[in-house]
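Here's the structure, in structure tokens; my notes come after.
Computed from the coordinates by the stated procedures, all read-outs in this text should not be read as laboratory data. Model, not experiment: these values are computed from the prediction. Reconstructed Cβ throughout: ideal geometry from the backbone, glycine too, with neighbour counts over all protein chains shown.
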Amino acid sequence: MKTLNEWIDKQSRRLFITPAVLLILVFSVFPLIASLVISFTRVRPRAGGYNMRFVGFRNFKKIFFGSEQYHLLGTFEAISALGWCLILVMLSALLWWLYSYTKKDFKLIGFIGRVISAAFILSVTILFSVTLFSGNNFGTLPMTIIYVIFGCSIQFLIGLGLAYICSMNLKGRTFFRILFFMPLMITPVGIAYQWRMLADMNRGPLSGIWQSFGFGDLAWGSLAWPARTIIMIADAWMWIPFIFIVLVAALDTVSKDLVEAADVDGAGKWLIFKDVIWPQIAPVAGTVVLIRWIEGFKLVDIPLVMTSGGARNLDRDLDYAFLDSMESIGFWRFLCRGLHSPFCDRYHLCIIFLIS
């Protein structure tokens, strides 16, 4: 018994994290591996089961270069002069970035990481130059990148500004902290319906204001960029409170002595924020941005409720396109009616839970 207790004491750290590791394996790693395997096959639902056939890289070829390229990436036609200028400017900036790194403390691992980052940034730049900046249609992947990078950046800046204001010694800051946090308590579907009503130009509660500005006949739900803009506003209204409350907590931990010392030395508000406050909250801010990027890639409920593909499906992101594809092949009907054994019913519920 003593030997067993000693072994448990030595292995206590591993034993405590084992349940969390098992949960991650079951709900993250194993589904990821299964999805990777399925991506090299052709799966066809049928009554009583499904047919699976290995097709190699044909699925990827179809998505990136075949008939599905329009939906994922967009149309690749002639690149405009603006697109070429954007590519050349970004390429020059990335080459200078890599060259300047070689003149400093050069490390091979760091250089490889920068090369991978530069390749990713250049690929995204080329994608937008060929589609958006050349007047061509762009698909769900560029739209998702816009939602994630542009939308989340605006949300972070607004949330940081509100948090900085509410961290000051102002009257009523507790009231505004509670007020700014309230949208986070509403369900995403409720927020989507709320903004759908607010954006209704004819019958919504703000229809009189919209008509006074000449927008009474604007059918934003059937137009690409108005629909995208309303979706980003609704998503920002839902997630800015999360960024706000986390950054308020981070700002409350900033050392007041350092801020007062910098103020006594004559530093301005901007210098105090840049050199004193920001370095202390940067780790928390980076974590918040990472969480928002991850959640941004899973945006599906707001565009589904607000437009339901009404803007010629040009407001869809990757998750919305995935749900639409599953509906088009009858996958949900297959889950509901294909197999009827108790084990398979529980299996289907697990699949729906993981997808959700």
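Using amide H atoms built 1.01 Å from N in the peptide plane, name the residues 5+ places from residue 74, or on other chains, whose amide H lies under 5 Å from its own.
Result for residue 74 returns 139.
Toward the positive end of the charge dipole of the chain, about the Cα centre and with charges on Cβ (Lys, Arg +1; Asp, Glu -1), which of 262, 5, 225 goes farthest?
Positive-most Cα among the choices belongs to 5.
Dipole magnitude of the chain about its Cα centre, charges +1 at Lys/Arg Cβ and -1 at Asp/Glu Cβ only, in debye to the nearest 20? Provide the component values of the computation, followed by the final result.
Working: 31 positive and 22 negative charges, 221 e Å.
The calculation lands at about 1060 debye.
Which one is right for this structure if percent of Cα pairs over 27 Å apart is calculated from it: [x] 66; [y] 47; [z] 55?
[x]
How far apart, in nm, are two points set 7 Å out from the Cα along the Cα-to-Cβ line at residue 121 and at residue 170?
Rounded to a tenth, the inter-label distance reads 3.4 nm.
Tell me whether region 142-316 comes out rounded, prolate or oblate; compute the Cα gyration tensor, take square roots of the eigenvalues as a ≥ b ≥ c, and use a/c under 1.5 as the rounded threshold.
Details: a/c = 2.57, a/b = 2.00, b/c = 1.29.
Prolate.
Picking from 205, 172, 26, whose Cα lies most toward the positive end of the charge dipole for the chain (charges on Cβ: Lys, Arg +1; Asp, Glu -1)?
The Cα lying farthest towards the positive end belongs to 26.
What is the spin-label model distance, in nm, from residue 41 to residue 218 if the labels are put 7 Å beyond Cα along the C-beta direction?
4.9
Arrange the peptides 94-101, 124-131, 198-205, 230-237 so that the one whose residues have, on average, the most other Cβ atoms within 10 Å appears first.
Going from most to least packed, we get 230-237, 124-131, 198-205, 94-101.
Given Cβ point charges of +1 (Lys, Arg) and -1 (Asp, Glu) and nothing else, what value in debye, to the nearest 20, does the dipole of region 35-86 about its Cα centre take?
Values: 7 positive and 2 negative charges, 91 e Å.
Its charge dipole is roughly 440 debye.
Figure the gain on full extension for residue 308 and residue 225 (residue separation times 0.36 nm, minus the Cα-Cα span) and round it to one decimal in nm. All intermediate terms of the calculation are to be shown ahead of the outcome.
Working: separation 83, 0.36 × 83 = 29.88 nm, distance 1.50 nm.
Extending this stretch completely gives an extra 28.4 nm.
Efficiency by 1/(1 + (r/R0)^6): what FRET value for residue 106 and residue 17, r their Cβ-Cβ distance, R0 = 30 Å, to the nearest 0.05?
0.25
Can you tell me how much longer the chain between residue 275 and residue 4 gets when fully stretched, taken as 0.36 nm per residue apart minus their C-alpha distance, in nm with one decimal? Show your work: numbers first, answer last.
On the way: separation 271, 0.36 × 271 = 97.56 nm, distance 5.31 nm.
Stretched fully, the residue 275-residue 4 segment lengthens by 92.2 nm.
Given the pairs 103/274; 61/103; 104/274; 103/269; 103/298; 171/274, which span a C-alpha to C-alpha distance of over 31 angstrom in this model?
On the way: 103/274 27 Å; 61/103 40 Å; 104/274 24 Å; 103/269 34 Å; 103/298 40 Å; 171/274 25 Å.
Table pairs above 31 Å Cα-Cα are 61/103; 103/269; 103/298.
Calculate one ³J(HN,Hα) per residue across region 183-194 by plugging θ = phi - 60° into the Karplus curve 6.51 cos²θ - 1.76 cosθ + 1.60, and present them in order as whole Hz with x for glycine and proline.
Whole-Hz 3J(HN,Hα) from phi for region 183-194: x, 5, 7, 8, 5, x, 5, x, 5, 5, 5, 4.
What dipole magnitude, in Debye to the nearest 20, does region 164-319 give about its Cα centre under +1 on Lys/Arg Cβ and -1 on Asp/Glu Cβ? Please list the in-between numbers first.
Values: 13 positive and 14 negative charges, 66 e Å.
Charge dipole of region 164-319: 320 debye, to the nearest 20.
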